[in-house]
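The values are calculated or read from the model by the stated rules, or taken from the named source; none is laboratory data. Nothing here was measured: the structure is a model prediction, and the numbers come from that model. A quick note on method: Cβ atoms are made from the backbone with ideal geometry, for glycine too, and the neighbour counts reach across all protein chains shown.
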Amino acid sequence: MQKLIDNVVPVNGEASPFFNCLSALIFTVQRETYEPRNNSKTAAKAAADKREKFNTSVLTASGLALSYIFNTNYDDSFDKTQYYKAFGNDDYIKYALNFARCNYRIIYTDDTEILTEIEKSLNKNIPILAEGLSDSAWCLITGYDDNKLYGYTAGCPYCQDCVNCMERKVDGHIENGMFYMGKQMPKRVIIIDDFNAESYDDTVFIQYWISVMEHKPKSGFLFGNDAYDAVITLLENVDSFFEMSDDRLNNLYRQIYMNSFLPEYRFCSRWIEYVIKLPEKITKDAYPGLYNSFKKHDVGYKFWAALSEKGQWKVDTQKYAGILKEQSNRNNAIKELKQLKKMDAFTLQALKSIL
């Protein structure tokens, strides 16, 4: 028996494999019927392009659009998925799927029913989020037959000199771009039963976002202010960059440059008002911290521009890693990080003021 879901919405290859796959799943199943959680006039106007607004607002709901992390073990090989693994829990899944109104179950590879559950979901034309199947990140399962699973990977356009940080391992592809895997089970899957989940109260989201911005150090990672301070201190250390091997310098450059995808994530965080209904007292004049995400986006690009040429979104370590040895460039990067730290502090203060 074979089942392939027709007309799957493409999985766009952007910053986060999980959210790209979730977006494709939601719009494959619901298409134009998808409605945002917050149906205020402001949100309705913002929903002109539903999928783009879903992508940005679900990142905000998950907390990752408000996060900043730093791997103190920066000699580790770069892994673009670390930004959602660093917190040491699945809260980003919990809040993202609640925003998308999903009732769901997580099933692990050692569950003898995992293949049966995958087939049941596909037979209902609901794709499946899967981790550790096509690569070490998330992908979207969209079909099966007697010997194979089929689906789409999120891909990644961010590194000019790819280091295969997601360890791709598909058996092959068919004509329409779907990958296939034979006898390989994912690390875990998310089975979505329906799209009628009860939404969390707004205060639950706000309290969670605050906890993300104030997250305590964990498993070698720093968060929020601690992360900003660590990166700034590292960039201020003149001698360290001249003492490194080329391989170490390249890896550190990639870690610093792509860390938390600052421009994109801070752009997404402007959709706080799309996730929750802001009180009438929250105005741009009174609480600019909730309305400065376009400025954060611009500052994020200035940070990239200090470490590349005109703020390249595709990191090129071979071409630009040597910039870390130039004091003027590091000073410019430090300046923008300090500005982002200050702007994040205003956002945190504004969130606390709502409670």
Qualifying residues in the stretch 31-50 (those that are surrounded by fewer than 16 Cβ atoms within 10 Å (Cβ to Cβ) and assigned to a helix (DSSP H, G or I)) - the one modelled with the highest pLDDT: ARG31
Helices (runs of 4 or more DSSP H) contained in the stretch 73-154 and holding at least 1 residues within 17 Å of LEU25 (Cβ to Cβ), of a type in the set (Val, Ile, Thr) and in contact (Cβ under 8 Å) with a residue 12 or more places away in the chain: 91-99, 114-123
Test: residue in the stretch 295-314 that is small (Gly, Ala, Ser), at positive phi, modelled with pLDDT under 75 and in the same structural domain as GLN207 (by TED's automatic domain parsing): yes
Any pair with Cβ under 8 angstrom, 6 or more apart, that starts in the stretch 233-249 at a residue that is closer than 17 Å to LEU337 by Cβ and ends at one that is part of a loop (DSSP other than H, G, I, E, B): LEU234/TYR74
Which numbered condition ASN147 misses (of (1) of a type outside the set (Lys, Arg); (2) in contact with a strand residue (DSSP E or B) (Cβ under 8 Å, 6 or more places away or on another chain); (3) surrounded by 14 or more Cβ atoms within 10 Å (Cβ to Cβ)): (3)
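Taking the stretch 89-105 as the region of interest, how many residues are within 17 Å of SER136 (Cβ to Cβ) and either among the basic types (Lys, Arg) or surrounded by fewer than 17 Cβ atoms within 10 Å (Cβ to Cβ) (or both)? Give the steps one after another, and end with the answer.
So in the stretch 89-105, the residues within 17 Å of SER136 (Cβ to Cβ) come out as 90, 92-93.
Within this subset, residues satisfying the condition of being either among the basic types (Lys, Arg) or surrounded by fewer than 17 Cβ atoms within 10 Å (Cβ to Cβ) (or both) are 90.
Result for the stretch 89-105: 1.
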Pair list, Cβ under 8 Å, 6 or more apart: the stretch 333-355 residue within 30 Å of ALA321 (Cα to Cα), other residue among the small types (Gly, Ala, Ser) and in a helix (DSSP H, G or I): ALA333/ALA306; LYS335/ALA306; GLU336/GLY300; GLU336/ALA306; LEU340/GLY300; MET343/GLY289; ASP344/GLY224; ALA345/GLY289
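Inspect all residues belonging to the stretch 157-177 and state whether any of them is more than 24 Å from ARG101 (Cβ to Cβ), in a strand (DSSP E or B) and of a type in the set (Phe, Trp, Tyr). Break it down into steps so the answer makes sense when it comes.
First pass over the stretch 157-177, keeping only residues more than 24 Å from ARG101 (Cβ to Cβ): 157-177.
Imposing the further condition that a residue be in a strand (DSSP E or B) reduces the set to 159, 172-173.
Still in the running and of a type in the set (Phe, Trp, Tyr): none.
No, there is no match, as no residue in the stretch 157-177 is more than 24 Å from ARG101 (Cβ to Cβ), in a strand (DSSP E or B) and of a type in the set (Phe, Trp, Tyr).
State all residues of the stretch 226-248 that are crowded, with 20+ Cβ neighbours inside 10 Å and either at pLDDT 90 or above or closer than 19 Å to ASN55 by Cα (or both); if no residue qualifies, say none. Break it down into steps so the answer makes sense when it comes.
From the stretch 226-248, those crowded, with 20+ Cβ neighbours inside 10 Å are 227-228, 231, 235, 241; that's our starting set.
Once the filter is applied, which keeps residues that are crowded, with 20+ Cβ neighbours inside 10 Å and either at pLDDT 90 or above or closer than 19 Å to ASN55 by Cα (or both), the stretch 226-248 yields ALA227, TYR228, VAL231, LEU235.
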Criterion violated by THR203 - all others in (1) at positive phi; (2) surrounded by fewer than 19 Cβ atoms within 10 Å (Cβ to Cβ) satisfied: (1)
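Would you point out the residue of the stretch 162-177, among those that are charged (D, E, K, R), surrounded by 11 or more Cβ atoms within 10 Å (Cβ to Cβ) and over 10 Å from ASP79 (Cα atoms), that is modelled with the lowest pLDDT? Steps first, answer last, please.
Initial filter on the stretch 162-177 (charged (D, E, K, R)): 167-169, 171, 175.
Now narrow it down to the ones that are surrounded by 11 or more Cβ atoms within 10 Å (Cβ to Cβ): 167-169, 171.
If we keep only those that are over 10 Å from ASP79 (Cα atoms) too, we end up with 168-169, 171.
On the way: ARG168: 76, LYS169: 83, ASP171: 88.
Ranking the qualifying residues of the stretch 162-177, first place goes to ARG168.
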Failed condition for SER269, given (1) at pLDDT 75 or above; (2) crowded, with 22+ Cβ neighbours inside 10 Å; (3) not hydrophobic (A, V, I, L, M, F, W, C): (1)
